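First comes the structure, then the notes that go with it.
The values are calculated or read from the model by the stated rules, or taken from the named source; none is laboratory data. A quick note: this is a predicted structure, and the numbers were derived from the prediction, not measured. A quick note on method: Cβ atoms are made from the backbone with ideal geometry, for glycine too, and the neighbour counts reach across all protein chains shown.
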Amino acid sequence: MTYRVRVLLLSLAIGVLALTWLIGVAGRTGRSAPIGAGILLVAPEALSSVTTVEINGAEAVRLEREHGQDGTERWWIALDERLLPARESRVGEFLQTLGEQQTEARVAVSPAGWPQFGVDEPVSVRLFDRAGRDVAELSFGRRSDTGRGGYLRFDTGPEVYRVGDAPFFALERSPVFWSDLRLLPPGLTEDRVAGIQIRSDIGDINALSRRFTYRLVRGSGGEWIVDGPAGRASAQPTRARELVTAILALEGSRFAAAEQSVVAVDQALIDVDLFDGRRFSLTIDALGDRLWIRPTGEESPVDREGSPVRFEFAPWIAERVLRPVEDLVE
């Protein structure tokens, strides 16, 4: 085979490869998206005007946004005829999801198809602005058979669309998920704590028996020292950190009902002192086989009217923070 023939064959081969590539690109770019894909659930620019979120599913959830005069904002959850602290990060993430999520395809065009996709008995999400006007209304049906995503209908028409998983996680949560059950201000860390005092007089609540008084204080070198009935002793560093971290991260199980009156049989008190001079106090009330906890001090949780908030408290959580001296010393 001559040199000229080899060059010609090589050129033909390159041309065939180039033509194949062009055909593939044309095929991909010419492929259209599924019918009904790409519709935003909520226009992102409308989310800043939302002041009320209503989710009506197995349990009704109503969330309200309050704008402070200083430019701050906070979310409340309506429970027991009160507005109580809501977990703002979860509300924000949910709204962000609604503003980012797009439909994947249209799966039905008339009410005849609603039962098949569960939008005849939906979980409805309604967003309102400050004047009470509808910002958006969405009717979420069931999840898909594959477990990937689910179905929804807009209030503007009868069509049903498939959407991704993201909105469904929040829609399946109870009011507890939206409640801010933290007892101490977020962001507190062990290095900011100067000392903790625990006074416990709980006899027997669900096999929890705790009767002792001691302080866990910082030494001059930053170490933890237990000051108890037997005098001062070095605390085991890991166990002391575990106790302090557990107290700072405490959350209630749920908000206590407003009409519940608790005449405690037994009680425990945890005082947390910070280096900046602030003190937070947590009172645990025990009655029968149940526990409640009441935070007091600066930045303690209050309802929309400014009244203190009490929480139900699980005995297993109490065991983590009512640690006897023997668990802490080296």
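For the reader, a short list of remarks on this structure follows.
- Matching entry among Glu312, Glu319, Glu299 (being assigned by TED's automatic domain parsing to the domain that holds Leu216 and more than 30 Å from Trp75 (Cα to Cα)): Glu319
- Qualifying positions in region 295-327 - among the β-branched types (Val, Ile, Thr) and more than 21 Å from the chain's Cα centre (by Cα): Thr296, Val321, Val325
Every residue, every condition in (1) modelled with pLDDT under 95; (2) aromatic (Phe, Trp, Tyr); (3) surrounded by fewer than 13 Cβ atoms within 10 Å (Cβ to Cβ), yes or no:
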| residue | (1), (2), (3) |
| --- | --- |
| Phe168 | yes, yes, no |
| Leu181 | no, no, no |
| Ile198 | no, no, no |
| Gly203 | yes, no, yes |
| Val217 | no, no, no |
| Pro229 | yes, no, yes |
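- Listing of helices (runs of 4 or more DSSP H) fully contained in region 142-255 that carry 1 or more residues being of a type in the set (Gly, Ala, Ser) and not assigned by TED's automatic domain parsing to the domain that holds Pro308: 166-171
- Breaking point among (1) in a loop (DSSP other than H, G, I, E, B); (2) surrounded by 18 or more Cβ atoms within 10 Å (Cβ to Cβ), for Ser300: (2)
- There is no residue in region 271-280 that is assigned to a strand (DSSP E or B) and under 25 Å from Ala78 (Cα atoms).
- One residue from Leu8, Leu40, Leu12 being more than 21 Å from Trp178 (Cα to Cα) and at pLDDT 95 or above: Leu40
- Some residue of region 190-197 being more than 23 Å from the chain's Cα centre (by Cα) and of a type in the set (Val, Ile, Thr): yes
- Subset of region 130-141 that is part of a loop (DSSP other than H, G, I, E, B) and not basic (Lys, Arg) - its residue that is farthest from Gly252 (Cα to Cα): Ala131
- If you go through region 30-77 and pick out every residue that is touching a Gly at 6+ places or on another chain (Cβ under 7 Å) and of a type in the set (D, E, K, R), you end up with 0.
- Boolean, Pro122 is touching a residue at least 60 places away in the same chain (Cβ under 8 Å), closer than 18 Å to Ala60 by Cα and not polar (S, T, N, Q): no
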